[in-house]
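Asks: Sharing a structure with you now.
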Amino acid sequence: MDEQEFKTRADQAFERLYKKLVAASDKYEFEPDFNSGALSVEFEQPRGKFVVSPNSPVRQIWVSAHSKSYKLDWNPGRAAFVLSDTGQTLETFMAEAITTHLGEPVTL
């Protein structure tokens, strides 16, 4: 995948995720923000912040959550960015990460 294709796919993934986060933030206690190509999710209780950003040179989406860094690669068969360790898509990974942080089931 070349850089332009990565950018297009990452932008689409971020837009879908951001829309789902905004919709879910009405029900759950967090605030999504999409600015300068990165997406952040901030929590007041318990305090915390997750950051989702594209990494063009390696064609990955990186997620910083729970004091760790996660790297998701494009999976052409699933047409999604996927965490290779678990097989989770970006959206399912973020739903689980938010669930863990808030201590209640979160659906995106």
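Asks: For region 78-98, give me the residue count where each residue is surrounded by fewer than 16 Cβ atoms within 10 Å (Cβ to Cβ) and in contact with a helix residue (DSSP H, G or I) (Cβ under 9 Å, 6 or more places away or on another chain).
Replies: Going through region 78-98 one residue at a time, the tally reaches 2.
Asks: Being aromatic (Phe, Trp, Tyr) and under 21 Å from Glu15 (Cβ atoms) is true for just one of Phe34, Phe43. Which residue is that?
Replies: On the way: Phe43 fails: under 21 Å from Glu15 (Cβ atoms).
Of Phe34, Phe43, the one residue that is aromatic (Phe, Trp, Tyr) and under 21 Å from Glu15 (Cβ atoms) is Phe34.
Asks: Further question: Restricting to region 59-77, name every residue that is in contact with a Gly (Cβ under 9 Å, 6 or more places away or on another chain) and exposed (fewer than 14 other Cβ atoms within 10 Å of the Cβ).
Replies: Across region 59-77, the qualifying residue is only His66.
Asks: Taking region 61-100 as the search range and keeping residues that are of a type outside the set (A, V, I, L, M) and in contact (Cβ under 8 Å) with a residue 60 or more places away in the chain, which one is nearest to Glu5 (Cα to Cα)? Don't jump to the end; show me each part of the working.
Replies: Step one: of region 61-100, the residues of a type outside the set (A, V, I, L, M) are 62, 64, 66-71, 73-78, 81, 84-89, 91-93, 96, 99-100.
Then drop every residue that is not in contact (Cβ under 8 Å) with a residue 60 or more places away in the chain, which leaves 74, 81, 91.
Working: Trp74: 11, Phe81: 13, Glu91: 20 Å.
Once the filter is applied, the top-ranked residue is Trp74.
Asks: If you don't mind, there's one more thing I want to ask. Checking Val58 against (1) over 23 Å from Gln4 (Cβ atoms); (2) modelled with pLDDT of 95 or more, which test does it fail?
Replies: Checking Val58 against (1) over 23 Å from Gln4 (Cβ atoms); (2) modelled with pLDDT of 95 or more, the one that fails is (1).
Asks: Next up: Among the residues of region 26-58, what is the count of those that are polar (S, T, N, Q) and surrounded by 15 or more Cβ atoms within 10 Å (Cβ to Cβ)?
Replies: Filtering region 26-58 for residues polar (S, T, N, Q) gives 35-36, 40, 45, 53, 55-56.
This time we only want the ones that are surrounded by 15 or more Cβ atoms within 10 Å (Cβ to Cβ), so: 40, 53.
So the count comes out to 2.
The values are calculated or read from the model by the stated rules, or taken from the named source; none is laboratory data. The structure displayed is predicted, hence computed values, not measured ones. As a convention, Cβ positions derive from the backbone with ideal geometry for all residues, glycine included, and neighbour counts pool all protein chains shown.
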